[in-house]
1. Exactly one of (1) assigned to a loop (DSSP other than H, G, I, E, B); (2) at pLDDT below 90 is unmet by residue 71. Its number?
2. Here are some conditions: (1) open to solvent by less than 60 Å² (accessible area, probe 1.4 Å); (2) closer than 15 Å to residue 120 by Cα; (3) at pLDDT below 95; (4) of a type outside the set (Gly, Ala, Ser). Residue 40 meets all but one. Which one does it not meet?
3. Can you say whether residue 82 is farther than 15 Å from residue 24 by Cα, without any contact (Cβ under 8 Å) to a residue 40 or more places away in the chain and buried (at least 17 other Cβ atoms within 10 Å of the Cβ), as far as the supplied structure shows?
4. Please go through segment 50-76 and give me each residue that is among the acidic types (Asp, Glu) and open to solvent by less than 40 Å² (accessible area, probe 1.4 Å), ordered by number.
5. If you go through segment 44-68, how many residues are in contact with a Ser or Thr (Cβ under 8 Å, 6 or more places away or on another chain), part of a strand (DSSP E or B) and under 17 Å from residue 108 (Cβ atoms)?
6. Might you check whether a residue that is in contact with a Ser or Thr (Cβ under 6 Å, 6 or more places away or on another chain), without any contact (Cβ under 8 Å) to a residue 60 or more places away in the chain and either of a type in the set (Phe, Trp, Tyr) or not in a helix (DSSP H, G or I) (or both) occurs anywhere in segment 107-120?
7. Quickly run through segment 93-115 and pick out the residues that are of a type in the set (Asp, Glu) and open to solvent by 80 Å² or more (accessible area, probe 1.4 Å).
8. Please go through (1) modelled with pLDDT under 90; (2) within 16 Å of the chain's Cα centre (by Cα); (3) closer than 23 Å to residue 50 by Cβ; (4) assigned to a loop (DSSP other than H, G, I, E, B) for residue 79 and return the number of the only condition it doesn't satisfy.
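The values are calculated or read from the model by the stated rules, or taken from the named source; none is laboratory data. This structure is a prediction, so every number in the text was calculated from the model and none was measured. Glycine also receives a Cβ, built like all others from the backbone with ideal geometry; neighbour counts cover every protein chain displayed. Each accessible area value is taken on the protein alone, full model and side chains, heavy atoms only, with ligands, DNA and RNA left out. Shrake-Rupley method; radii C 1.70, N 1.55, O 1.52, S 1.80 Å.
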Amino acid sequence: MPASTVPAAVPAVQLDVPCVLLVDADEQVGLTIASLIEPRWQVLRAPSVLVAQQLLASRSFALVVLEAAVGSSAELFEGAAARPALMLLCQCAPDALSARAADAILLKPHTSGVALQSTLLALLGSGQIPG
């Protein structure tokens, strides 16, 4: 099942599968992350911080992956009751507040698929390859 962009009002998720929220307008990034962690975790893609905030308000996520160019962690988690683990994807150094809030920071496009997968699995609390 590929990563899907869902309207915030109607998240198309399997309720028994934990979710990872990807905040990135690039569909290819969602497909790549989904290929690394599904079917054990489901990836929902929000193309904007606004859509991501609506999704965060409607359900819980095991991890949020935020493309730093889309928005800051402060903006994303503004008013949130809880904050899941946060991984930043950056093309250059992130803002200081986002860097401090992040549990991991990976540089695009220099991070290998193996490093991306191992970081995702570490943040999700599993060293096992899904499947």
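1. With (1) assigned to a loop (DSSP other than H, G, I, E, B); (2) at pLDDT below 90 applied to residue 71, the lone miss is (2).
2. Unmet condition: (1).
3. Considered against the rule, which asks whether it is farther than 15 Å from residue 24 by Cα, without any contact (Cβ under 8 Å) to a residue 40 or more places away in the chain and buried (at least 17 other Cβ atoms within 10 Å of the Cβ), residue 82 comes out as no.
4. 67
5. Number of matching residues: 2.
6. Among the residues of segment 107-120, not one is in contact with a Ser or Thr (Cβ under 6 Å, 6 or more places away or on another chain), without any contact (Cβ under 8 Å) to a residue 60 or more places away in the chain and either of a type in the set (Phe, Trp, Tyr) or not in a helix (DSSP H, G or I) (or both), which makes the answer no.
7. 103
8. (2)
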